[in-house]
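Below you'll find the structure, written out as C-alpha cells, and then a few comments.
The values are calculated or read from the model by the stated rules, or taken from the named source; none is laboratory data. Values in this document were obtained by computation on a predicted structure and should not be read as measured data. All Cβ positions, glycine included, derive from the backbone under ideal geometry; neighbour counts span all protein chains shown.
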Amino acid sequence: MEFSLNFFKQTITIHLAVIFFFLSLLFYSSLLSVVGDFSFRYDESWYSLMVQEFSENPLMVIPTLTGESVEWKPPLFFWLYSAFYLLFKNLPFSQELIMRLPSAIFTSAAVSMFFVLANQLYNRRVAIISTLLFMTVPLILFSAVNVMAEAISLLFIVSSMYFYVSRKFSIGSIFLALLILTKWLYVIAPLLFIVTYYLKDRELPKILLTFISIPLALMFYLCLSFLFGNIDNSLMNLTLDISRPVPNFNLANTLVFYLIAFMVLLPFPILFIYLIIFSKANLWEERSLIALSVLAFILPLSQHFMSWYLILAIPGLVLLVSKRLSGLEPNILLSIVVAGLMIVNILIFFSLPYSFTSFDGIEEVALFMKNKSVYFVEPDPFYSNWQTINDNYIGTNQSYLLLEQLNNGFLFYRFHDSKDYYNVHPVFIQNNGSIPCGDYLIVHTDSFYNISVAVPDCYKKLRNNSFYDIYTGNLDFSGN
C-alpha cells in the first residue's frame, strides 16, 4: 500500500514537471516572438558566429571565432547549441530567433528540474508556488531569450542540486562535470548548496569524494585544448576567471553594482532581508538556501561583476520566499500575491535596458565591412589572451579585425552569410593610440553605454585620404 502511494505521488510529480516544462516553453517562445528578432547584444554576436562555425565543422572539437581558436569558455555550450542550430537553421525564422531558441528550451528544462527540486526539499504546494515565481524572475527571462551560457548552466546547477538532495550522488557529480565543461566558475553555487546541506551528515566525506568529477572534467577540457586548440589561451582564461571574485574597492562602482543587483532580482532581495530579520523559523534548517541567497549580496562586490552572475542566487532566494508565502490563507489571497509577483517580475524585465532593446544601423556597418580589412576599436579589454593574440600578428602584413566588446552584433552580421575571412584575424587589445594605419578603420563610440573610445592620431589623416574607407555613419542607440 505504501509503495503504491509513493508511486502515485512520484507519478504526479513527474506529470507536473512535464507540464511546467511545456508551460515554460510556451511562455518563453511567446516572449521570443516579441524580442527574439532584435539585434544581438553582449556576447551573443561572437557566440552565435562560433556556434555557426562549429556546426559547419564539428571535427575541430574546440570552437573558433573567424577561424581562430579562442578558448574563452569550455566547449559544451557551443557543441549543444550547434546541434540545435543544425536542427533549426532551415526554419522560416530570423537568424537571431533561431540562435536563441535553444536558450528557451534549456531554461524550460531548468524550470522543470527546479520544480522537482522544490518538491524534494519541501512539498508540492511550495514547489508550485516557487516554480511559478522562478520562471518569471527577470534574470531567468534573460537566460531564456539570449544566446549565452546562462540557460544551460542553470539547468546543470539545478539538476546537480536535485540529485544530491535525492542522494543520487553519482548522477549529481555528472552534472557538476557538465557544468565545468560549460561555465566552470558557476560550479561554486551547487558546491556551496551541497556542502551546507550535508554539513553535519555522516556521508559528507563520501559526498566530497564525488566532487572528483570537477577536476576530472577540467583536466578533460585542458586535454582537448592541448590536442585541438591552444592550451595557453585556456590556462590564461581560467586564470582570469579565478580573478573575477576579487573584491572591487571602488565604492562608487560597488554601489552601482548593488543597485543593478537589486533591480534584476526585485523583489526577492528585500523579501529575503525581511525574512532573515523577522523570521521565527529555524534558519539552520535552511542554511543551504541561505548560503545560496547570500551570493546575491557578495557577487556585486567583485571587480568583474556582471548582472547575469546573480542567476546563481535565484534558486535560494525564490525557495526561501515561496516557503513563507505557502502559509498564506485563504488560497485566494495566496493566488493573488503569487500572480502579482509574477506580473511585477515580467514588468521589471521589460523595463531593463538589456531585455527590450534593439539597435539600428548594424547591418549598414556590416555591409560596409564586406571585403575590407577592418580595425574595430575595443574600449575595454576583458580576456587576458587578447594581448597574446595581438602579439602574434602585429607587425606582419596580415589584416586585422579588432573586435569591440559591446559590439551589438556587428561580428555576426559581418560574417554569418559569407566566410570571406581572407587574412582577417581577431586582435584583442585596448586602443591606446598605437594601432597602425595600414588598414581600414572603424572608430565607434558607444554612446548608449557611455563608453568613449580613444582615437588614434592617424584617424584625421585617414579621413582626408581617399585611399582608405572609413565608416563615419551615425548609429542610433536609442533603442526601439
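Within segment 300-322, work out how many residues are among the aliphatic types (A, V, I, L, M) and at pLDDT below 90.
Going through segment 300-322 one residue at a time, the tally reaches 2.
Given the criterion farther than 17 Å from Leu139 by Cα and within 21 Å of the chain's Cα centre (by Cα), identify the matching residue among Ser302, Ser307.
Testing whether each residue is farther than 17 Å from Leu139 by Cα and within 21 Å of the chain's Cα centre (by Cα) leaves just Ser302.
Determine, yes or no, whether Phe54 is among the aromatic types (Phe, Trp, Tyr) and under 18 Å from the mean Cα position of the chain (by Cα).
no
Could you name every one of the helices (runs of 4 or more DSSP H) located completely within segment 199-271 that has at least 2 residues being in contact with a Pro (Cβ under 9 Å, 6 or more places away or on another chain) and surrounded by 18 or more Cβ atoms within 10 Å (Cβ to Cβ)?
Here the list reads 213-228, 251-265.
Do we find a residue being in contact with a helix residue (DSSP H, G or I) (Cβ under 6 Å, 6 or more places away or on another chain) and β-branched (Val, Ile, Thr) anywhere in segment 294-306?
The answer is no, given that none of the residues of segment 294-306 is in contact with a helix residue (DSSP H, G or I) (Cβ under 6 Å, 6 or more places away or on another chain) and β-branched (Val, Ile, Thr).
Right, Phe40: surrounded by 23 or more Cβ atoms within 10 Å (Cβ to Cβ), in contact (Cβ under 8 Å) with a residue 12 or more places away in the chain and out of contact with any His (no Cβ under 9 Å at 6 or more places or on another chain) or not?
Answer is yes for this residue.
Looking at Glu71, Glu96 in this structure, which one is assigned to a helix (DSSP H, G or I) and closer than 23 Å to Ser307 by Cα?
Exactly one of Glu71, Glu96 is assigned to a helix (DSSP H, G or I) and closer than 23 Å to Ser307 by Cα, namely Glu96.
Restricting to segment 138-184, count the residues that are in contact (Cβ under 8 Å) with a residue 60 or more places away in the chain and part of a helix (DSSP H, G or I). Even if it seems obvious, please write down each step before you answer.
Pass one, segment 138-184, residues in contact (Cβ under 8 Å) with a residue 60 or more places away in the chain: 138-150, 152-154, 157-158, 161, 178, 180-184.
Those still in the list that are part of a helix (DSSP H, G or I) too: 138-144, 150, 152-154, 157-158, 161, 178, 180-184.
Adding up the residues that qualify gives 20.
It is to be established whether one or more residues within segment 111-128 are over 20 Å from Ser159 (Cβ atoms) and either surrounded by 24 or more Cβ atoms within 10 Å (Cβ to Cβ) or in contact with a helix residue (DSSP H, G or I) (Cβ under 6 Å, 6 or more places away or on another chain) (or both).
Scanning segment 111-128 turns up no residue that is over 20 Å from Ser159 (Cβ atoms) and either surrounded by 24 or more Cβ atoms within 10 Å (Cβ to Cβ) or in contact with a helix residue (DSSP H, G or I) (Cβ under 6 Å, 6 or more places away or on another chain) (or both).
Could you list all residues from segment 43-72 that are without any contact (Cβ under 8 Å) to a residue 40 or more places away in the chain, surrounded by fewer than 23 Cβ atoms within 10 Å (Cβ to Cβ) and aliphatic (A, V, I, L, M)?
Result: Leu59, single match.
Where the second residue is modelled with pLDDT under 85 and the first is within 30 Å of Ser351 (Cβ to Cβ) and lies in segment 265-288, which pairs have Cβ atoms under 7 Å and are six or more apart or on separate chains?
Final answer for the pair search is Pro269/Phe262.
In segment 295-328, which residues are among the aliphatic types (A, V, I, L, M), farther than 21 Å from Thr196 by Cα and outside any loop (DSSP other than H, G, I, E, B)?
Once the filter is applied, which keeps residues that are among the aliphatic types (A, V, I, L, M), farther than 21 Å from Thr196 by Cα and outside any loop (DSSP other than H, G, I, E, B), segment 295-328 yields Leu301, Leu325.
Which one is nearest to Leu240 (Cα to Cα) among residues in segment 74-93 that are part of a helix (DSSP H, G or I) and either among the aliphatic types (A, V, I, L, M) or touching a Cys at 6+ places or on another chain (Cβ under 8 Å) (or both)?
At the first step, the residues of segment 74-93 found to be part of a helix (DSSP H, G or I) are 76-88.
Of the ones still in play, those that are also either among the aliphatic types (A, V, I, L, M) or touching a Cys at 6+ places or on another chain (Cβ under 8 Å) (or both) are 76, 80, 83, 86-87.
Working: Leu76: 19, Leu80: 25, Ala83: 29, Leu86: 32, Leu87: 34 Å.
By that ranking, first place goes to Leu76.
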